[in-house]
Structure formats: C-alpha cells, structure tokens
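The structure under discussion appears below in the form of structure tokens.
The values are calculated or read from the model by the stated rules, or taken from the named source; none is laboratory data. Computed from a prediction, not measured in an experiment: that's the story for all the values here. Heads up, the Cβs are rebuilt from the backbone with ideal geometry, glycines too, and the neighbour counts pull from every protein chain shown.
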Amino acid sequence: MPNVLTLPQNTKGRDFVVGDIHGAYPLLEKALKQARFDPEKDRLISVGDLVDRGPQSPLCLAFLKQSWFFAVRGNHEDLFLDICRADGSFDAEKAENNRRNGMDWIFGETAGTLAAIHAAFSALPLAIEIPTDRGTVGFIHAEVPQGQDWSTFKDNIENNDRKTVQSALWSRKRIEHDDRSGVEGIDRLFSGHTPQERGPRRLGNCYYIDTGAVFRMLFGDVTAEDFHLTMSDICAETASLDQPPKNRDDKQVILDVPENPKPFSRKKGGPRP
C-alpha cells in the first residue's frame with residue numbers, strides 16, 4: 001500500500017468520513033444504519049485511531065476487511081505497530097506504559113488476532129485523497145505541517161520525510177494556534193486526532209472531526225454529553241460542518257448526509273472551505 005492512496009471518484013453512491021472511532025464500533029454501526037449506508041455503492045473513510053480506549057477495538061479487523069471501508073493510519077495505529085510485532089507478540093513493558101493511552105485491550109487478545117491487526121495496520125496509508133464534483137477531498141489523521149501545500153505534503157509522505165510523517169500522525173500546531181490559513185492545493189481536508197466538544201471544528205479548509213465518541217460511550221450521557229460520533233458526507237454543505245450538531249441519536253451525531261449533495265461553490269485563490 002502506498003503512503004498516499006488515491007481513490008477513484010465514487011460515481012455510483014456517496015462517500016462518508018468518520019471521526020476517531022477508538023473501539024466504539026457500536027456507535028459506528030448505528031451511524032451507518034441511520035445514514036442508510038449502502039455497501040454496494042457507498043464508501044466510508046476513517047481519519048484513523050481505530051483502536052484503544054474503547055472495548056471493541058479488535059473489531060477494527062472486521063471493518064478493514066470490507067471493500068467499502070478505508071482508513072488512514074493514526075497515532076494509535078502507529079503506537080500499536082511500535083509495541084506489537086508481526087508475529088503477534090508484543091513488548092510487555094511498552095504495552096504496560098501505554099495502558100494510559102487505552103491499550104490495555106491487547107493483553108486479552110490472542111497472538112493470532114494481534115498478528116492480523118499488525119498486518120492490517122502496516123498496510124494503512126498516511127493520507128487518502130478522492131476527486132469529487134466539488135474538487136479534491138483529502139484525509140489524514142492529524143495535520144499537514146504549517147505552511148506546506150498538499151502536493152509537497154504528499155511528496156514528503158511518499159519519501160518518508162520524518163518531520164512530515166510526524167505531523168501527519170501527531171501534530172496539533174494548527175489547531176492549538178487557531179491557524180485558519182488552510183492547506184493550498186486541496187479543496188477540503190478532514191482529520192481527527194484532537195477531540196472537539198460540541199461538533200467538528202473548521203480552520204480554513206481543514207475540518208477536525210474527532211468529536212470524542214469513545215468518551216461518550218465510556219462515561220455516559222451526563223458526564224460526556226458534549227462528545228459524539230461524527231460521520232458526514234464528504235461533500236456536505238459547509239454550513240452543516242460549521243454549526244453545532246443538529247441531529248442526535250443517543251450517543252452519535254451525523255452531519256448532513258444528503259442523498260444527492262450539491263457541489264460546493266469555488267472561490268478563486270487560496271484554500272477553499
């Protein structure tokens with residue numbers, strides 16, 4: 001698998017993006033049902049962090065085996081690959097140290113399951129892009145380095161540039177500095193990594209859609225009432241991603257999943273929202 005995966009335009013159905021799952025797969029299954037997801041023609045792209053914290057982390061394998069499911073590598077997949085080996089054994093000391101990051105689930109899994117997850121995570125790209133009627137839409141886990149355009153980012157990722165890879169998996173500089181400059185060369189960019197309360201956050205043409213689904217699952221409606229699972233049509237109207245969630249169903253939020261989304265209007269020069 002290349003570090004940058006380009007998927008063909010989906011001319012038969014809809015493409016959805018989902019925020020960090022972290023083992024909260026029952027919420028994802030409910031979201032797919034609510035969106036009337038059709039696996040024969042629709043696709044789902046994950047911005048990474050499929051595992052850790054949530055109790056159903058091993059279910060990532062079932063999703064990764066589906067022809068309609070695509071994911072970029074997140075920092076938690078990266079942690080897993082650092083701790084677990086290809087044969088399913090793992091560094092017990094490193095694993096123990098990462099219990100605080102939610103990795104305690106691996107202690108209860110067989111070597112066979114861990115080996116299968118290792119193989120699946122090793123094949124994940126660091127970035128995905130898809131052409132759409134409204135331009136190219138990109139997906140990464142964390143961030144494109146500040147001041148770097150999409151083309152340079154892709155080249156650096158393919159060449160395994162250490163700083164760029166680190167940014168794609170771990171960086172929070174743009175969101176911590178409220179950097180609204182966006183990323184040139186891509187029409188819209190979805191990422192996760194930094195949990196957002198009360199819905200996704202938009203900075204220029206960058207959309208942060210990790211809205212803390214696993215916290216809602218673990219801590220309940222009262223303690224974590226402002227956290228949700230966000231799943232959206234990748235061509236959703238900008239306004240629906242700029243506003244607090246409107247549609248709530250138990251512990252999930254789905255934003256703008258029209259059957260026939262309208263193309264976005266384009267503005268000349270600079271990143272597009």
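If you go through the range 55-100, how many residues are in a helix (DSSP H, G or I) and either out of contact with any Lys or Arg (no Cβ under 8 Å at 6 or more places or on another chain) or among the hydrophobic types (A, V, I, L, M, F, W, C) (or both)?
Adding up the residues that qualify gives 24.
Please work out which one of (1) crowded, with 23+ Cβ neighbours inside 10 Å; (2) at pLDDT 95 or above is the condition residue 216 fails and give its number.
Against the list (1) crowded, with 23+ Cβ neighbours inside 10 Å; (2) at pLDDT 95 or above, residue 216 comes up short only on (2).
For the range 153-162, what are the residues that are in contact (Cβ under 8 Å) with a residue 12 or more places away in the chain, over 17 Å from residue 71 (Cα atoms) and in contact with a helix residue (DSSP H, G or I) (Cβ under 8 Å, 6 or more places away or on another chain)?
Passing the criteria: only 153.
Can you find, within the range 40-62, the residue that is farthest from the chain's Cα centre (by Cα) among those that are under 24 Å from residue 4 (Cα atoms) and surrounded by fewer than 21 Cβ atoms within 10 Å (Cβ to Cβ)?
41
Name the pairs: first residue in the range 198-212 and free of Cβ contacts under 8 Å to residues at least 40 places away in the same chain and surrounded by fewer than 19 Cβ atoms within 10 Å (Cβ to Cβ), second residue part of a strand (DSSP E or B) and not acidic (Asp, Glu), Cβ to Cβ under 9 Å, at least 6 apart or on different chains?
Final answer for the pair search is 201/207; 201/208.
Given the condition buried (at least 16 other Cβ atoms within 10 Å of the Cβ) and in a strand (DSSP E or B), answer yes or no: does some residue in the range 162-181 qualify?
No: the range 162-181 contains no residue that is buried (at least 16 other Cβ atoms within 10 Å of the Cβ) and in a strand (DSSP E or B).
Condition first: farther than 23 Å from residue 164 by Cα and assigned to a loop (DSSP other than H, G, I, E, B). Now tell me which residues in the range 103-133 satisfy that.
The answer is 109, 110, 133.
So which residues in the range 47-90 are in contact (Cβ under 8 Å) with a residue 40 or more places away in the chain and among the small types (Gly, Ala, Ser), if there are any at all?
48, 54, 57, 71, 74
Run down 179, 187 and say which single residue is touching a residue at least 60 places away in the same chain (Cβ under 8 Å), farther than 24 Å from residue 21 by Cβ, touching a Lys or Arg at 6+ places or on another chain (Cβ under 9 Å) and of a type outside the set (Gly, Ala, Ser).
When all the criteria are applied, what remains is 187.
Please work out if residue 26 is more than 16 Å from the chain's Cα centre (by Cα) and either surrounded by 15 or more Cβ atoms within 10 Å (Cβ to Cβ) or not in a loop (DSSP other than H, G, I, E, B) (or both).
It is true that residue 26 is more than 16 Å from the chain's Cα centre (by Cα) and either surrounded by 15 or more Cβ atoms within 10 Å (Cβ to Cβ) or not in a loop (DSSP other than H, G, I, E, B) (or both).
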